[in-house]
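Have a look at the structure below, then the notes.
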Amino acid sequence: VVALACEKVCPYGAITGAEKTVINLAGMKETRTVAVVNEALCQGCGACTVACPAAAMDLKGFSNAEILAEVDALC
Ligand code: SF4
């Protein structure tokens, strides 16, 4: 699994990684690297949503299912 695959594919440099402390399923504190999108730089191309192996990215205003339905309609 490629960590922050979205950061690598974003053609506008809109994504950076940030450390965030979360409570995991076992109730323990854990530090994770999360993707942070700079909305001023984001052009809404959707490349990050396709690249994310965990399907953690959604294009603002669109679910992944809606994006895939649009792609199906176009193809
Ligand atoms: S949707 Fe925005 S953040 Fe995602 S790859 Fe495109 S420009 Fe970058």
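The values are calculated or read from the model by the stated rules, or taken from the named source; none is laboratory data. If you're wondering where the values come from, they're calculated on a predicted model, not measured in any experiment. So basically every Cβ, Gly included, is an ideal-geometry build from the backbone, and we count neighbours across all protein chains shown.
Taking the condition surrounded by 10 or more Cβ atoms within 10 Å (Cβ to Cβ) and among the aliphatic types (A, V, I, L, M), does A35 pass? Break it down into steps so the answer makes sense when it comes.
On the way: surrounded by 10 or more Cβ atoms within 10 Å (Cβ to Cβ): yes; among the aliphatic types (A, V, I, L, M): yes.
Criteria met by A35.
State all residues of the range 44-75 that are closer than 15 Å to L4 by Cβ and in a helix (DSSP H, G or I); if no residue qualifies, say none.
At the first step, the residues of the range 44-75 found to be closer than 15 Å to L4 by Cβ are 47-57.
Correct list: A47, C48, T49, V50, A51.
Out of the residues in the range 7-23 meeting the condition of being in a loop (DSSP other than H, G, I, E, B) and closer than 27 Å to A65 by Cβ, tell me which one is farthest from the ligand (Cβ to nearest atom).
Step by step, filter the range 7-23, then rank; the result is P11.
Between residues in the range 1-27 that are among the small types (G, A, S) and residues that are in a strand (DSSP E or B) and surrounded by 10 or more Cβ atoms within 10 Å (Cβ to Cβ), which pairs lie under 6 Å by C-beta distance while being six or more apart or on different chains?
These pairs meet every condition: A14/V37; G17/T33; A18/V34; A18/V36.
Condition check: touching a strand residue (DSSP E or B) at 6+ places or on another chain (Cβ under 9 Å) and on the phi < 0 side of the Ramachandran plot. Does V22 satisfy that? Full working, then the answer.
Details: touching a strand residue (DSSP E or B) at 6+ places or on another chain (Cβ under 9 Å): yes; on the phi < 0 side of the Ramachandran plot: yes.
In short, yes.
For the range 29-63, which residues satisfy the criterion of being more than 8 Å from the ligand (Cβ to nearest atom) and at positive phi?
A55, G61
If you go through the range 24-43 one residue at a time, how many are part of a loop (DSSP other than H, G, I, E, B) and acidic (D, E)? First the steps, then the outcome.
At the first step, the residues of the range 24-43 found to be part of a loop (DSSP other than H, G, I, E, B) are 24-28, 38-43.
From the residues that got through so far, the ones that are acidic (D, E) too are 39.
Number satisfying all stated conditions: 1.
Scanning for something among the small types (G, A, S) and at pLDDT below 90, does the range 7-24 turn up at least one residue? Reasoning before the result, please.
Keep residues of the range 7-24 that are among the small types (G, A, S), which gives 13-14, 17-18.
Adding the requirement that they be at pLDDT below 90 leaves none.
Taking every residue of the range 7-24 in turn, none turns out to be among the small types (G, A, S) and at pLDDT below 90.
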